[in-house]
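*Asks:* The following block contains the structure, expressed as structure tokens.
The values are calculated or read from the model by the stated rules, or taken from the named source; none is laboratory data. Keep in mind it's a predicted model, so treat the numbers as computed, not measured. Note that each Cβ is placed from the backbone with ideal geometry, even for glycine, and that neighbours are counted across all protein chains shown. In case anyone asks, the SASA skips ligands and DNA or RNA and just uses the protein heavy atoms, side chains included. Shrake-Rupley method; radii C 1.70, N 1.55, O 1.52, S 1.80 Å.
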Amino acid sequence: FTMSIDSKVTQAETILGYIFTHKLLCAEAIQMSAPREYVLMAGETRFVENNKRLAVLGDTALANALCKLWYQKRDVLAAAWTELRNDILGNAGLSQRGDDLGIGSLVISSHGYNGPASAKMVATTFEALVGAVYLDGGDDAVMHVVEHLGLNQHPSLQNRTQAATALLDPIFG
């Protein structure tokens, strides 16, 4: 049984706001069913690895992009990096955001398993998708995805004045 994944790749591109030049990277990012799996892509049977290695790369690429944004905000407290890292880069944050985006529906899991993707599967696939974007388009592409997904709007990336204004808006707005 070989699964066609064209629609899942298109769905991933829509979620990320990024069109892959090398679509097979996206296919690898969503493949969790086996160490290696055959999939049908653009009418051809293709061989893809599972997403574990891309997830490691994506974790680092996402951390790099967010740390760069944090560093550029000179008026943000140093402790904000820890908060940002914990909220976004931890498995809980990634799986929550991934669920909100619909990443769970992209996961190719073991044959015979028809249940929903677990929180860990969603978090790993989210990281792997970012890793695929990084390999396909580099740092600029990752930053584009970060902005498209609104990860650059995290409260820890607001400077102190913006944060204070945001807190006071409900009172004085």
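*Asks:* Quick one: which helices (runs of 4 or more DSSP H) lie wholly within the range 13-93 and hold at least 3 residues that are within 18 Å of Ser109 (Cβ to Cβ)?
*Replies:* Because the criterion is at least 3 residues that are within 18 Å of Ser109 (Cβ to Cβ), the helices (runs of 4 or more DSSP H) in the range 13-93 that meet it are 23-30, 52-72.
*Asks:* Which members of the range 41-56 meet the condition of being loosely packed, with under 15 Cβ neighbours inside 10 Å and farther than 30 Å from Leu89 by Cβ?
*Replies:* Selection gives Ala42, Gly43, Glu44, Thr45, Phe47.
*Asks:* State the number of residues belonging to the range 11-38 that are more than 17 Å from Ala117 (Cβ to Cβ), more than 15 Å from the chain's Cα centre (by Cα) and either among the polar types (S, T, N, Q) or open to solvent by less than 60 Å² (accessible area, probe 1.4 Å) (or both).
*Replies:* 2
*Asks:* Something else: From (1) touching a residue at least 40 places away in the same chain (Cβ under 8 Å); (2) surrounded by fewer than 17 Cβ atoms within 10 Å (Cβ to Cβ); (3) assigned to a helix (DSSP H, G or I), pick out the condition that doesn't hold for Arg97.
*Replies:* Every listed condition holds for Arg97 apart from (2).
*Asks:* Identify the single condition in (1) modelled with pLDDT of 95 or more; (2) in contact with a Gly (Cβ under 6 Å, 6 or more places away or on another chain) that Thr60 does not satisfy, given that it satisfies every other one.
*Replies:* Failed condition: (2).
*Asks:* Considering the range 69-89 alone, what residues qualify as being more than 22 Å from the chain's Cα centre (by Cα) and among the charged types (D, E, K, R)? Please lay out each step first, then the result.
*Replies:* Residues of the range 69-89 that are more than 22 Å from the chain's Cα centre (by Cα), as a first pass: 73-79.
The answer is Lys73, Arg74, Asp75.
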